[in-house]
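Asker: Sharing a structure here in structure tokens format.
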Amino acid sequence: MPDHMATLLLVEGRGIGSQTLSEALQKAGYHLKVVHTGKAALQWGEEHQPDLVVFDAASMRSNGARSCRRLRRALDDTPIIHTRPAGEAEDRSAEADVYLEHPFTSRKLLNRIHALLPADGNDDQTVRCGELTLYLSKPSVEVSGQGEKRLTPKLTQLLQEFISHPNEIVSRRQLMQNVWKTDYVGDTRTLDVHIRWMRELIEEDPASPKLLRTVRGQGYILAIPSEDGR
């Protein structure tokens, strides 16, 4: 299911104010239902079957482990993200899929949601890699929560090459061979320009890239964080 069609259930305490997670989730385009108790979450969840649950226990009076377990029983394989206050021990008895400790960025939460939601099984033109989604039919790329950006044919091929080798060093020679179909690496200014364009599309700060990194003397690496954020 495409992310923008997913329905999320957010469970958070009343009176949370500016600390609410709802603003980031709505801004990312999700259909969102907010409830304030585990009982209300269970009732709404059974009636509407959300695609994912975010249980913000950090904003509530208890750690929510019992409520999360009940949601797990009622909603079967529906992914659950459990958040907790800073310094509180992780309670695996909640049976959540992902555990997050406050404080965390909106991007980190959206990345976890993006990874847990299933890709559209009817669309083999959609390729996901961490927080990146490549739409080959358009073509365009989306970084979680930032909207789609159009790609030229060469940028599409370049990104495909990196996605095919996540967290691996890809040499400049390999890129020239597979994307530009040449063994000549005497002048790679074209590659340099395309790397810069790619970073402008996918990086929060292109001048200090975190996704598409340079490995001096070797090439580049598309760094995809693991589930624990490292």
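Asker: Every residue in the range 38-50 that is buried (at least 20 other Cβ atoms within 10 Å of the Cβ) and either in a loop (DSSP other than H, G, I, E, B) or among the acidic types (Asp, Glu) (or both), please.
Answerer: Hit for the range 38-50 is PRO50, nothing else.
Asker: Then there's this: Working carefully through the options PRO79, PRO85, find the one that is more than 16 Å from ALA24 (Cα to Cα), in contact with a helix residue (DSSP H, G or I) (Cβ under 6 Å, 6 or more places away or on another chain) and surrounded by fewer than 16 Cβ atoms within 10 Å (Cβ to Cβ).
Answerer: That would be PRO85, the only listed residue that is more than 16 Å from ALA24 (Cα to Cα), in contact with a helix residue (DSSP H, G or I) (Cβ under 6 Å, 6 or more places away or on another chain) and surrounded by fewer than 16 Cβ atoms within 10 Å (Cβ to Cβ).
Asker: While we're looking at this one, here's another question. Among the listed residues VAL141, VAL127, VAL179, identify the single one that is closer than 19 Å to ALA28 by Cβ and of a type in the set (Val, Ile, Thr).
Answerer: It is VAL141.
Asker: Can you name the residue in the range 134-163 that is modelled with pLDDT under 90 and of a type in the set (Ser, Thr, Tyr) and is also surrounded by the fewest Cβ atoms within 10 Å (Cβ to Cβ) among such residues?
Answerer: SER137
Asker: While we're on this one: Within the range 84-109, how many residues are touching a residue at least 40 places away in the same chain (Cβ under 8 Å) and touching a Phe, Trp or Tyr at 6+ places or on another chain (Cβ under 9 Å)?
Answerer: 1
Asker: If a residue has to be modelled with pLDDT of 90 or more, under 16 Å from GLN160 (Cα atoms) and either part of a strand (DSSP E or B) or not hydrophobic (A, V, I, L, M, F, W, C) (or both) to count, how many in the range 178-195 make the cut?
Answerer: Count: 1.
The values are calculated or read from the model by the stated rules, or taken from the named source; none is laboratory data. All figures in this text were calculated on a predicted structure; none of them were measured in a lab. For neighbour counting, all protein chains shown are included, and Cβ atoms are generated from backbone atoms with ideal geometry for every residue, glycine included.
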